[in-house]
Amino acid sequence: MIKLRIGIIGVGGIATGRHIPAFLQFSDQAEITAVSDINIHRAEDVAKQFEIPFFCDDYTKLFDQVDAVIICTPNKFHAEISIAALEAGLHVLCEKPMALSSLECQKMLEAQKESGRKLAIGYHYRFMKESQAAKKVMLTDEIGTPLVVRVKGLRRRKVPGWGVFTNKELQGGGSLIDYGCHLLDLALWLIGNPKHIDVSGSTYNALSKIPNQVNLWGDYDYQTFNVDDHVTAYIKFENGASLLFETSWATNIRDDEEHLSISGVNGGINVFPFELYTTKFNMLFNSEPNWIPGEEDPGLLQAKNFIAACLNEEELIVQPEGALQVSEIIDAIYQSSDKVMVRE
C-alpha cells in the first residue's frame, strides 16, 4: 500500500499535542517524514522525540519530502504557507482559522482549485460524536426548517497565557478567532451554511486590561493586551434563520462551555449534551450518540478523514468553502464592532 507522506509545519503545542500523535495512529496509511519550525532547535527536538527522519527551519525545504502538510503556525502565516504548499502540488490541512482575513481565505481557495489538491481546515468540533449525531438529525429533516440558532462558549478566566494567542499582529484577534470560531463553524455546518446577509457584533476587552486579574491559564501582559476577550453577535441568513452568538476568554460569569441549540419548524436539537426535541414526542434524549464505536477522539477522526480524502477514499468533512464563510462572518463582526465604538 502506498503511504501518504506528511510534513508538519510549526511544531508547537497543537502539533505535538494533537496532530502528530493522531497521525501516528494511522501508520498503515500515512507516515510523518518531515517537520519544520523557525526555531531549528525545536524542530530537531520534536523530530528526535517522534523519530521523524527530516527537520528544517525553512518550510519549503520539506516540500520534496512529503505529499501533504499540516500547518500549525500562527494565523498570520496560514495563507502564505498553504498557498505555497498547494502550488507545490501538496495536500494541506491548515489549523483554524483558515487565515487572518476572508480575502486571504479566498486566495487560498483559488490556489486549491488551481492545484486540484485537498485543502482542509482544522475545525475539529465537527468530528465530535455529538456533532456527528446532530448532523445526522439535520440531514433527515427531523426538526424541519431551522429558525433560530443559539451559540455560546463562555470561559470565565481562561486567557491563554502561552504562545502568541494575545498577539494581534500574529493572530488577528482573540477569543472570537481562537475559540468562538469552532462553535460558529459547527453551527453553520449543521444548518447547511446558508448565505449570511446581515451581521451585527460587539467586541470587548475591558476585563483583561485590568491588573491583577485571576487567570486560570497562565500569565499575560495586561498592559499590551489588545485583542478581544468577549464577543457578542447577531447574524441573519438569506433563508430567514437567525443566529445568536456569544464567546469569551474572560467574563464575570461562570464557565459555560459549550452550548449550541437549533430550533426548527418541526422540532429542535441541543448538541452538548445531544438532545432531540420533536413534535411527535415530548423529548427523545440520547446523551451518548454512538456514531462510530470506539473512536471518540475528534483529533483522530480529523486525521483519519484527511488521510482518506488525500487518498481519494472519501470526501473532506471540513471543506474550505465552509471555513471561508466562518472567516467572512468573523471579519463582519470585527468591522461591525469598530463602526460603533471601541470598548476598552
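Once the C-beta distance of Lys61 and Ile253 is scaled by a Förster radius of 41 Å, the resulting FRET efficiency is 0.30 to the nearest 0.05. Zone of Ile197 (label point 7 Å along Cα→Cβ, backbone N under 12 Å): which residues in segment 221-260? What the label zone holds, given the 12 Å backbone N cut-off, is 236-242. A P(r) calculated from all alpha carbon pairs of the chain, with 10 Å bins opening at zero, reads 6, 24, 32, 26, 11, 1, 0 percent. Counting 0.36 nm for each residue step from Lys236 to Lys339 and taking away their Cα separation leaves a gain of 35.2 nm. Shown for segment 25-155: lysine pairs separated by 8 or more places, or found on different chains, whose C-alpha atoms are under 16 Å apart, numbering 5.
Per residue of the chain, the DSSP helices (runs of n ≥ 4 H) give a summed -39500 (n - 2.57) that works out to -8500 deg cm²/dmol at 222 nm. Taking trypsin sites (Lys or Arg not before Pro) as exposed when DSSP calls them loop and at most 11 other C-beta atoms lie within 10 angstrom, the chain has its longest site-free stretch at 1-194.
By the count of neighbouring beta-carbon atoms within 10 Å, fewest first, Met138, Met108, Met128 end up ordered Met138, Met128, Met108.
Cα convex hull, segment 4-123: 88 Å³ per residue, rounded to a whole number. Among beta bridges identified by DSSP and lying wholly in the chain, the antiparallel ones come to about 55 percent.
Bear in mind that the values in this text are calculations on the coordinates, not laboratory data. Here the structure is a predicted model, which is why all the values come from computation and not from measurement. Positions of Cβ are backbone-derived with ideal geometry, glycine not excepted, and every protein chain shown enters the neighbour counts.
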